[in-house]
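Asks: Would you mind keeping the following structure in view while I ask a few things?
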Amino acid sequence: MPSSYSRLLPFLSWWHKVNRASLRLDLVAGLTGALIVLPQGIAYAAIAGMPPAYGLYASVGPAIIGALFGSSWHLVSGPTAPISIVVLSALAPLAEPGSPHFVELAITLGFLVGIIQLALGLFRLGRLTDYISHGVVVGFTSGSALLIAASQIRQFFGLKMPASAMFFVTLRDAVERAPSWTPAIACTGAVTMLAALAARRFVPKIPYLVVGMVAGGIAAAFFNAELGANAVPTVGALPGAVPPLSHPLFDPAVWGQLAQAAASITLLALTQAIASARAVALRSGQDLDGNQEFIGQGLANLVGSFFSGYPTSGSFTRTGANFDAGAQTPLAAVFAGLLLMALLFLVAPLLTHLPVAAMAGVLFIIAWGLADARAIKELWRDGGLERAVFAVTFMATLVLRLEYAVMVGIGLSLAGRFLLRRRDAAGGKSE
């Protein structure tokens, strides 16, 4: 098959592998993925400052398009925690989180990210992520974990305090308002966490976040019956199961406001997607095409912006689960997106009763999972440039807006590599 056809229609290169047996395995893996992304999508929307439904909308179109036009057999695209926290950091100064204008800006940001990613892929710059060091990724995700946890303190304890994407500002406000915590709301969040962690420990085949949400919903129903209907607030009704049509803002002034964030998210999202795909490719024995992954991620974000999606990337958690569930072809990710819509028709009425505190409990667990203690220890033990890059990137996420923190880490990494190469070259000449 000509390579041009493989680039335009990459799914033709693996379509011959589809048969009755692979369809059955892909369908099972897709159902598993849909069950996993159901609570994650809602949680990631909360991180991004978006209404809950938009995390699910971003899990449908991008998953399907990314699977069909990328090169990985197992990569699953959709909302992720690191990307979501950057979206909140970038847009909170421009619009009230959750407001219609905030949603418009997030959709526009996804469109811009898609354009840049697609251009990088078409110009065959797939090796670009090789220059983003491991220290940047670990430092950013570790800092993001603290930011996510801090952002959920007010929902977990029922504190009356403004939302902020700045870590130390959030901690200060939480300490000042600590005496006003609400026991019923905090107990609901605690029940959610305990149930989820117990399910992960004792029944690992069941989506543990779903178990936690159900337990939190039962606890909230009890408290609301005993203390009053609004004792424990809930997320409210979802507007629909099918992602509604949308369109980005075609305003040059808005594009200028979002340019820095779009560039940062592009690099972060591509790094995350390539790292997720490579991790599974090592297990499956597949050879990846970095340029095609750039194209797939770009199209996923572009198409997603017209179906109510905000910036997405490849998910390490869902990609690994997809492989472990027995996925044979990218159709598993396609099935996951389609089955998610089917599930939403069934569970949307129940999600109306999901407590906000339960979502905070779920996000605490997700934040804990983002902090890779083993990777941090290895970086710190190895020392040198990677330790410095990790430390600077980590601190930058806590004191700067995240789109700037990403650039600081990447800039330091590139500068350090350049200086090391010059030193090595100078040493070679002197011999």
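The values are calculated or read from the model by the stated rules, or taken from the named source; none is laboratory data. All of these numbers come straight from a predicted model, not from anything done at the bench. Because the Cβ atoms are built from the backbone with ideal geometry, glycine has one as well, and the counts that use them run over all protein chains shown.
Asks: Within the range 254-286, how many residues turn out to be aliphatic (A, V, I, L, M), closer than 11 Å to VAL113 by Cβ and surrounded by 19 or more Cβ atoms within 10 Å (Cβ to Cβ)?
Replies: 8
Asks: Take the residues of the range 349-359 that are part of a loop (DSSP other than H, G, I, E, B) and surrounded by fewer than 21 Cβ atoms within 10 Å (Cβ to Cβ): which is modelled with the highest pLDDT?
Replies: Looking at residues that are part of a loop (DSSP other than H, G, I, E, B) and surrounded by fewer than 21 Cβ atoms within 10 Å (Cβ to Cβ), I get HIS353.
Asks: Just to verify a result, which residue in the range 206-223, among those that are of a type in the set (Val, Ile, Thr) and part of a helix (DSSP H, G or I), is nearest to the chain's Cα centre (by Cα)?
Replies: Taking the range 206-223 first, the residues of a type in the set (Val, Ile, Thr) are 206, 210-211, 214, 218.
Still in the running and part of a helix (DSSP H, G or I): 210-211, 214, 218.
On the way: VAL210: 18, VAL211: 21, VAL214: 23, ILE218: 28 Å.
Top of the filtered list is VAL210.
Asks: When residues of the range 176-205 are filtered for being assigned to a helix (DSSP H, G or I) and under 21 Å from TRP368 (Cβ atoms), how many remain? Steps first, please.
Replies: Narrowing the range 176-205 to residues assigned to a helix (DSSP H, G or I): 176, 178-180, 183-202.
In the following step, the residues that additionally are under 21 Å from TRP368 (Cβ atoms) were identified as 185-202.
Residues in the range 176-205 being assigned to a helix (DSSP H, G or I) and under 21 Å from TRP368 (Cβ atoms): 18 in total.
Asks: When you scan the range 21-117 for helices (runs of 4 or more DSSP H) that lie fully inside it, which ones turn up with 3 or more residues that are in contact with a Leu (Cβ under 6 Å, 6 or more places away or on another chain)? Don't jump to the end; show me each part of the working.
Replies: Values: elements: 52-57, 61-69, 81-91.
Fully inside the range 21-117 and qualifying: 81-91.
Asks: Sort through GLY30, GLY78, GLY61, GLY114 and tell me the only one that's modelled with pLDDT of 90 or more and at positive phi. Show your work before the answer.
Replies: On the way: GLY30 fails: at positive phi; GLY61 fails: at positive phi; GLY114 fails: at positive phi.
Sole residue among the options that is modelled with pLDDT of 90 or more and at positive phi: GLY78.
To keep it simple, each residue is scored yes or no on (1) crowded, with 24+ Cβ neighbours inside 10 Å; (2) in contact (Cβ under 8 Å) with a residue 12 or more places away in the chain.
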position: ARG20; (1), (2): no, no
position: LEU23; (1), (2): no, yes
position: ASP26; (1), (2): yes, yes
position: LEU38; (1), (2): no, yes
position: TYR44; (1), (2): yes, yes
position: GLY49; (1), (2): yes, yes
position: ALA58; (1), (2): yes, yes
position: PRO62; (1), (2): yes, yes
position: ILE65; (1), (2): yes, yes
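Asks: Would you be able to tell me the number of residues in the range 360-394 that are over 23 Å from the mean Cα position of the chain (by Cα) and crowded, with 21+ Cβ neighbours inside 10 Å?
Replies: Kept after step one, since they are over 23 Å from the mean Cα position of the chain (by Cα), are these residues of the range 360-394: 377-388.
Then drop every residue that is not crowded, with 21+ Cβ neighbours inside 10 Å, which leaves 379.
Counting residues in the range 360-394 that are over 23 Å from the mean Cα position of the chain (by Cα) and crowded, with 21+ Cβ neighbours inside 10 Å gives 1.
Asks: Out of everything in the range 293-326 that is charged (D, E, K, R) and surrounded by 19 or more Cβ atoms within 10 Å (Cβ to Cβ), what residue ends up being farthest from GLY114 (Cα to Cα)? Let's see the steps before the verdict.
Replies: Filtering the range 293-326 down to residues charged (D, E, K, R) leaves 293, 318, 324.
From the residues that got through so far, the ones that are surrounded by 19 or more Cβ atoms within 10 Å (Cβ to Cβ) too are 293, 318.
Working: GLU293: 12, ARG318: 21 Å.
This residue is ARG318.
Let's see how each residue does on (1) over 14 Å from ALA67 (Cβ atoms); (2) touching a Leu at 6+ places or on another chain (Cβ under 7 Å); (3) of a type in the set (Val, Ile, Thr):
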| residue | (1), (2), (3) |
| --- | --- |
| VAL242 | yes, no, yes |
| ASP251 | yes, no, no |
| ALA263 | yes, no, no |
| LEU282 | yes, no, no |
| GLY285 | yes, no, no |
| ILE295 | no, yes, yes |
| LEU299 | no, yes, no |
| SER308 | yes, no, no |
| SER313 | no, no, no |
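Asks: Among the residues of the range 319-348 satisfying the criterion of being in a helix (DSSP H, G or I) and of a type in the set (Val, Ile, Thr), which is modelled with the highest pLDDT? Don't jump to the end; show me each part of the working.
Replies: Step one: of the range 319-348, the residues in a helix (DSSP H, G or I) are 319-324, 331-348.
Filter once more, so that each one left must be of a type in the set (Val, Ile, Thr): 319, 334, 347.
On the way: THR319: 91, VAL334: 96, VAL347: 78.
Among residues in the range 319-348 that are in a helix (DSSP H, G or I) and of a type in the set (Val, Ile, Thr), the one modelled with the highest pLDDT is VAL334.
Asks: If you check every pair at least six apart or on different chains, which have Cβ atoms under 8 Å apart with a residue in the range 224-235 that is of a type in the set (S, T, N, Q) first and a residue that is in a loop (DSSP other than H, G, I, E, B) second?
Replies: Close Cβ pairs satisfying both conditions: ASN224/ASN230; ASN224/ALA231; ASN224/VAL232; THR234/THR352; THR234/HIS353; THR234/LEU354.
Asks: Let me ask something else about it. Residue check: is GLN257 touching a residue at least 40 places away in the same chain (Cβ under 8 Å) and out of contact with any Phe, Trp or Tyr (no Cβ under 9 Å at 6 or more places or on another chain)? Before the answer, list the steps.
Replies: On the way: touching a residue at least 40 places away in the same chain (Cβ under 8 Å): yes; out of contact with any Phe, Trp or Tyr (no Cβ under 9 Å at 6 or more places or on another chain): yes.
Answer is yes for this residue.
Asks: For ALA273, work out the one condition from (1) at pLDDT 95 or above; (2) under 19 Å from GLY78 (Cβ atoms); (3) among the aliphatic types (A, V, I, L, M) it doesn't fulfil.
Replies: (1)
Asks: Something else: May I ask you to list pairs of residues, at least six apart or on different chains, whose Cβ atoms are under 6 Å apart, with the first in the range 87-98 being in contact (Cβ under 8 Å) with a residue 12 or more places away in the chain and under 16 Å from ALA259 (Cα atoms) and the second being part of a loop (DSSP other than H, G, I, E, B) and basic (Lys, Arg)?
Replies: Short answer, once both residue conditions are applied: SER89/ARG401.
Asks: Quick one: what pairs do we get from the range 196-210, first residue on the phi < 0 side of the Ramachandran plot, second part of a loop (DSSP other than H, G, I, E, B), C-beta under 7 Å, 6+ apart or different chains?
Replies: Filtered contacts from the range 196-210: ALA199/ILE206.
Asks: Just need a number here: residues in the range 188-239 that are surrounded by fewer than 19 Cβ atoms within 10 Å (Cβ to Cβ), under 18 Å from THR317 (Cβ atoms) and touching a strand residue (DSSP E or B) at 6+ places or on another chain (Cβ under 9 Å).
Replies: Summing the residues that are surrounded by fewer than 19 Cβ atoms within 10 Å (Cβ to Cβ), under 18 Å from THR317 (Cβ atoms) and touching a strand residue (DSSP E or B) at 6+ places or on another chain (Cβ under 9 Å) in the range 188-239 gives 0.
Asks: Shifting gears a bit: With among the aromatic types (Phe, Trp, Tyr), surrounded by 22 or more Cβ atoms within 10 Å (Cβ to Cβ) and at pLDDT below 90 as the only criterion, which of PHE167, PHE140 stands out?
Replies: Values: PHE167 fails: surrounded by 22 or more Cβ atoms within 10 Å (Cβ to Cβ).
The unique qualifying residue is PHE140.
Asks: Of the conditions (1) modelled with pLDDT under 95; (2) under 17 Å from GLN40 (Cα atoms); (3) buried (at least 20 other Cβ atoms within 10 Å of the Cβ); (4) within 21 Å of the chain's Cα centre (by Cα), GLY290 clears all except one; give me its number.
Replies: Going through (1) modelled with pLDDT under 95; (2) under 17 Å from GLN40 (Cα atoms); (3) buried (at least 20 other Cβ atoms within 10 Å of the Cβ); (4) within 21 Å of the chain's Cα centre (by Cα) one by one, GLY290 breaks only (2).
Asks: Here's another thing I want to ask about it. Please name all residue pairs, on different chains or six or more residues apart, with Cβ atoms under 9 Å, provided the first residue is in the range 305-318 and is assigned to a loop (DSSP other than H, G, I, E, B) and the second residue is of a type in the set (Asp, Glu).
Replies: Between residues of the range 305-318 that are assigned to a loop (DSSP other than H, G, I, E, B) and residues that are of a type in the set (Asp, Glu), there is no close pair.
Asks: Quick check on this structure: which one of THR397, THR329 is crowded, with 24+ Cβ neighbours inside 10 Å and hydroxyl-bearing (Ser, Thr, Tyr)? Let's see the steps before the verdict.
Replies: Numbers: THR329 fails: crowded, with 24+ Cβ neighbours inside 10 Å.
Selected residue: THR397, the only one of THR397, THR329 that is crowded, with 24+ Cβ neighbours inside 10 Å and hydroxyl-bearing (Ser, Thr, Tyr).
Asks: I need the full set of residues from the range 413-422 which are more than 11 Å from ILE132 (Cβ to Cβ) and buried (at least 17 other Cβ atoms within 10 Å of the Cβ), in order please.
Replies: Once the filter is applied, which keeps residues that are more than 11 Å from ILE132 (Cβ to Cβ) and buried (at least 17 other Cβ atoms within 10 Å of the Cβ), the range 413-422 yields only GLY416.
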